[in-house]
Amino acid sequence: MTDALWYFGRGTGLVALVLLSVVVALGVGARSGRTAFGLPRFAVNLVHRNAALLAVVFLLGHVVSLYFDPYAQLRLVDLVVPFAGEYRPFWLGLGTLGLDLLLAVVVTSLLRHRIGARAWRAVHWLAYLCWPVALLHGWQTGTDGTTWWLRTVAVLCAALVAAAVAWRLSPGFERFPDRVPRKRPVLEEAR
Amino acid sequence: MRLHVDWTACDGRGLCAELLPELITEDEWGYPVVRTDEVSPRLEKAAGRAVDRCPALALHLLRR
Amino acid sequence: MITMERRLLAGDDSPFAQPTATQLVALLREAGLTGRGGAGFPAWRKLEAVADAGRPPVVVGNGAEGEPLSGKDRALLTYQPQLVLDGLRIVARALGATATHLYVHPALRALTVGIPMTVAPDAFVAGEESAVVNALAGRAPVPSDKRIRITQAGLGGAPTLVQNVETLAHIALIVRHGPQWFRSAGTPDEPGTFLATVGGAVAAPGVVEAGYGVRLGDLVDAAGGPVQPVQAVLVGGYHGGWVPAWPELPVSRAALGAYGSSPGAGVVLALPSSACGLAETASIAGCLAGQVAGQCGPCVNGLPRIATTLADLAARRARPGLVDEVTRLSALVQGRGACRHPDGTVRLVRSAMRAFAADVTAHLHGECLAGGAR
Ligand code: HEM
Ligand SMILES: Cc1cc2nc3c(=O)[nH]c(=O)nc-3n(C[C@H](O)[C@H](O)[C@H](O)COP(=O)(O)O)c2cc1C
Ligand code: SF4
């Protein structure tokens with residue numbers, strides 16, 4: 001029974017990492033304004049959002065199963081306050097931090113219309129912090145950390161995200177479609 | 001209901017034209033062209049979805 | 001010359017009784033005063049909207065005069081600032097305003113008025129009313145989206161009345177002399193006088209005052225008369241329209257509407273027959289394209305395209321579909337901006353294509369009618 005929890009916890013964690021990588025890549029894809037894999041732009045956005053929500057589900061599974069797992073010895077605070085745990089506090093804390101960041105990104109996204117585009121975008125940049133935090137956490141914390149297949153999955157995830165970020169930073173990225181870019185004067189949201 | 005584009009926010013991402021082709025097309029620069037801003041009850045749901053999905057939050061449904 | 005008037009330009013320091021908001025709205029409604037900033041919106045309606053907003057408003061005198069061909073607001077603020085200040089004070093007291101501001105053209109930065117004054121940047125759109133509010137709030141002086149009207153929530157969230165300085169000066173006179181006196185100039189539908197900035201091929205360019213409906217020829221004569229044969233007149237400025245150089249043509253909305261023009265903010269530019277109307281329009285369109293606030297995609301992309309297409313036409317770089325391209329681009333940008341800058345630009349361009357139709361044909365054949373060939 002406890003072994004089952006342990007395996008479940010590791011499995012869900014791994015799936016969440018893969019999903020998160022896909023979410024970041026799709027986020028960049030959505031931001032590019034281009035259609036991808038024959039999908040219209042709204043679908044790229046939708047898949048990005050739904051994959052993010054699915055990642056949250058897996059991450060909650062990951063956290064809850066490990067919370068009830070007697071080996072991990074997690075306290076409730078460890079689930080929300082990073083770097084306070086007894087067991088490998090730094091690497092575990094990264095996981096907690098990643099969860100907090102993910103929840104911040106997702107909750108603000110769901111409340112986008114409420115909080116306004118500017119605040120939403122500002123928080124959404126945290127996605128680029130959330131992902132490496134999650135990767136490091138997974139790489140170091142898991143007992144599986146040394147198995148070749150987990151390493152392989154992690155490397156593939158990293159390659160995917162690195163490619164997406166490289167594309168995001170490439171000069172051609174913002175130059176689509178071909179048009180004069182708008183200026184965004186610094187206006188407060190006051191009105 | 002009336003469709004309104006906040007041009008100071010619109011980035012011409014084109015999602016609205018995909019989600020509401022009945023009312024919105026794209027110009028040569030990718031910015032939405034609203035054929036008629038009057039939204040019939042039949043299209044209100046699709047219009048609401050387009051408003052919801054706009055990445056720039058530039059599309060609005062206004063009560064008259 | 002009997003149609004020329006001196007009301008605003010003469011000034012008036014006689015005493016007056018402060019009206020209440022209701023009285024002022026009724027007075028202005030009876031007088032039929034319209035805004036002199038360009039749009040010609042009935043002053044009483046805007047006043048009433050602000051009064052009905054239910055919170056103490058802010059009142060702003062708009063003297064930005066971003067229109068390059070206009071000089072009347074500067075003239076008024078230079079020679080009769082008291083009338084503008086009276087108007088501001090009357091409106092502010094009537095509405096129970098918490099603050100009044102004067103927003104002026106950069107040339108007037110040395111003006112002392114005794115109320116908070118802000119200098120506008122030298123940019124066309126800086127005089128648009130929501131840009132005025134943004135400038136006064138210390139933000140970039142560019143227009144905002146119109147989902148929330150400034151008459152509901154403008155400066156600091158307060159209902160805000162932005163009125164052209166000439167409109168305010170008229171209010172100061174209407175409160176003194178009554179609506180009937182105001183109506184004794186102008187036409188029954190478009191009462192009162194307006195300040196015109198007459199320029200171009202005239203002997204003494206400058207600001208003159210006349211009642212609406214004044215003959216175009218009289219306005220030109222009041223500015224010293226033409227120094228060359230005049231082929232067309234731009235009325236309303238860069239956002240206005242070209243009308244024929246017909247001396248009998250009344251300068252009123254009703255008469256100019258047929259040409260897609262209106263008195264607007266009172267700019268009158270006489271184009272000599274030695275000049276090319278298309279070249280003139282292309283250069284204005286180029287200036288307007290350079291003045292976009294840069295916020296709105298269709299405006300930012302469309303206006304420069306209109307300008308370069310017109311420049312090709314003006315320079316006789318004919319190609320198939322050139323005229324259709326102007327028509328198409330005009331329709332494309334119209335109504336698609338946070339402010340009326342694209343619409344004003346389109347108004348000018350369309351009127352030029354009509355007024356200079358013969359020139360268009362000539363240019364498409366590599367010829368130009370400028371210089372008396374017509
Ligand atoms: C309910 C959840 C989410 C929604 C609705 C959402 C929505 C969006 C939208 C609308 C965009 C902008 C697309 C555009 O500008 O056209 C975007 C971009 C992006 N999203 Fe999300 N998102 C969600 C969750 C996440 C999560 C959990 C992550 C990763 C941790 C993430 C990472 C990104 C990234 C990296 C971008 C690109 C940002 C840029 O470079 O400009 N998103 N998202
Ligand atoms: C691009 C643009 C520029 C404008 N510039 C001025 C200006 O310089 N001065 C002005 O009084 N109104 C200007 N207006 C009109 C104002 O938005 C506003 O209608 C006016 O100040 C209201 O006053 P009124 O009703 O007394 O005319 C401009 C409008 C636009 C669209
Ligand atoms: S319409 Fe043009 S000038 Fe007006 S706010 Fe938009 S970009 Fe600026």
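The values are calculated or read from the model by the stated rules, or taken from the named source; none is laboratory data. Please read all numbers here as calculations on a predicted model, not as lab measurements. Methodologically, a virtual Cβ is constructed for each residue, glycine included, from the backbone with ideal geometry; neighbour enumeration extends over all protein chains shown. The accessibility values were calculated without ligands, DNA or RNA, using every heavy atom of the protein model including side chains. Shrake-Rupley method; radii C 1.70, N 1.55, O 1.52, S 1.80 Å.
The residues on offer are A:123, A:180, A:155, A:165, and the sole one that is open to solvent by less than 40 Å² (accessible area, probe 1.4 Å) and of a type outside the set (Asp, Glu) is A:123.
Take the conditions (1) in contact (Cβ under 8 Å) with a residue 60 or more places away in the chain; (2) buried (at least 16 other Cβ atoms within 10 Å of the Cβ); (3) within 11 Å of chain C (Cβ to nearest Cβ); residue B:62 misses just one of them, which is (2).
Within segment C:29-49, being of a type in the set (A, V, I, L, M) and away from ligand 2 (no atom under 12 Å from the Cβ) holds for one residue alone: C:31.
The numbered conditions (1) open to solvent by 20 Å² or more (accessible area, probe 1.4 Å); (2) facing another protein chain (nearest Cβ under 7 Å) are all true for residue B:36 except (2). Considering C:91, C:125, C:84, the condition of being part of a helix (DSSP H, G or I), open to solvent by less than 40 Å² (accessible area, probe 1.4 Å) and under 30 Å from residue C:290 (Cα atoms) is satisfied by C:125 alone. Can you name the helices (runs of 4 or more DSSP H) wholly within segment C:228-324 that have at least 3 residues being within 16 Å of ligand 2 (Cβ to nearest atom), within 14 Å of chain B (Cβ to nearest Cβ) and open to solvent by less than 20 Å² (accessible area, probe 1.4 Å)? It comes to C:297-314. Screening C:162, C:125 for residues that are in contact with a strand residue (DSSP E or B) (Cβ under 9 Å, 6 or more places away or on another chain), within 16 Å of ligand 3 (Cβ to nearest atom) and in contact (Cβ under 8 Å) with a residue 60 or more places away in the chain leaves exactly one candidate, C:162.
Every test in (1) without any contact (Cβ under 8 Å) to a residue 40 or more places away in the chain; (2) closer than 30 Å to residue C:143 by Cα is passed by residue C:357 save one, and that test is (2). The condition (being more than 25 Å from the chain's Cα centre (by Cα), away from ligand 1 (no atom under 16 Å from the Cβ) and at pLDDT below 95) is satisfied by just one residue among C:290, C:321: C:321. When segment C:23-41 is filtered for residues that are under 27 Å from residue C:54 (Cβ atoms), out of contact with any Ser or Thr (no Cβ under 6 Å at 6 or more places or on another chain) and in contact (Cβ under 8 Å) with a residue 24 or more places away in the chain, the ones remaining, listed by number, are C:23, C:24, C:25, C:27, C:28, C:30, C:31, C:32, C:33, C:34, C:37, C:39. For residue C:233, the conditions (1) touching a helix residue (DSSP H, G or I) at 6+ places or on another chain (Cβ under 7 Å); (2) touching a residue at least 40 places away in the same chain (Cβ under 8 Å) all hold with the exception of (2).
Of the residues making up segment A:29-45, those that are surrounded by fewer than 21 Cβ atoms within 10 Å (Cβ to Cβ) and either within 16 Å of ligand 2 (Cβ to nearest atom) or under 26 Å from residue A:125 (Cβ atoms) (or both) are A:31, A:32, A:33, A:34, A:35, A:36, A:37, A:39, A:40, A:43. Summed over segment A:1-51, the residues that are assigned to a loop (DSSP other than H, G, I, E, B) and touching a helix residue (DSSP H, G or I) at 6+ places or on another chain (Cβ under 7 Å) give a count of 3. Residues of segment B:3-28 that are within 16 Å of ligand 3 (Cβ to nearest atom), open to solvent by 20 Å² or more (accessible area, probe 1.4 Å) and hydrophobic (A, V, I, L, M, F, W, C): B:9 alone.
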